[in-house]
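Heads up: the structure comes next, in structure tokens.
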Amino acid sequence: MKAEMKKGWVMLLEDVVYHDVKHGTIIVRAGFSSDGATIPRFAWSFVGSPLQGSNRRAGIIHDMLYRYNVLPRIECDKIFYRILRKDGKRWVTAKLMYWAVRLFSKEHYAFSESSK
């Protein structure tokens, strides 16, 4: 994934593509900016930093899904989990991150009546 880093943000220089088992192909277009997975600094030692390793693609795609209200919130969060697993995150850590997103990120989801 080609991207330009600036002060905790990344701007994609090329499209990021993920083929989801349930929702098909998801594309985040070049030019999209993201701060990656929102992970408190104290947790970096056991789940990793927001824009590194298996968190990077999952966080960027999840940000796009939330920002543009592409799917219901619960589906966005499930996709986040599946990307983490596909990109090598252990299931225990991926589940911990999934539940953190479910419990603490609702305010970041673009408002919609279909938000769940």
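The values are calculated or read from the model by the stated rules, or taken from the named source; none is laboratory data. What you are looking at is a predicted structure, and each value in this text was computed from that prediction instead of being measured. Note: ideal-geometry Cβ built from the backbone for every residue, glycine included; neighbour counts use all protein chains shown.
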Pull out all pairs, ordered by first then second residue, where Cβ-Cβ is under 7 Å, the residues are six or more apart or on different chains, the first lies in the stretch 89-116 and is within 16 Å of MET64 (Cα to Cα) and of a type in the set (Phe, Trp, Tyr), and the second is at pLDDT 80 or above and assigned to a helix (DSSP H, G or I).
TYR109/TYR66; TYR109/ARG73
Considering only the stretch 6-18, state which residues are assigned to a strand (DSSP E or B) and either surrounded by 10 or more Cβ atoms within 10 Å (Cβ to Cβ) or of a type in the set (Ser, Thr, Tyr) (or both).
TRP9, VAL10, MET11, LEU12, VAL16, VAL17, TYR18
Inside the stretch 41-92, can you point out the residues that are outside any loop (DSSP other than H, G, I, E, B) and of a type in the set (Gly, Ala, Ser)?
ALA43, SER45, GLY53, SER54, ALA58, GLY59
Selected residue [closer than 24 Å to GLU4 by Cβ and in contact (Cβ under 8 Å) with a residue 40 or more places away in the chain] from ILE83, ILE74
ILE83
Residue ID - farthest from PHE104 (Cα to Cα), chosen from residues in the stretch 29-81 that are surrounded by 19 or more Cβ atoms within 10 Å (Cβ to Cβ) and of a type in the set (Ser, Thr, Tyr):
SER54
Could you check how many residues of the stretch 12-56 are out of contact with any Asp or Glu (no Cβ under 6 Å at 6 or more places or on another chain), basic (Lys, Arg) and either under 17 Å from TRP99 (Cα atoms) or at pLDDT 80 or above (or both)?
2
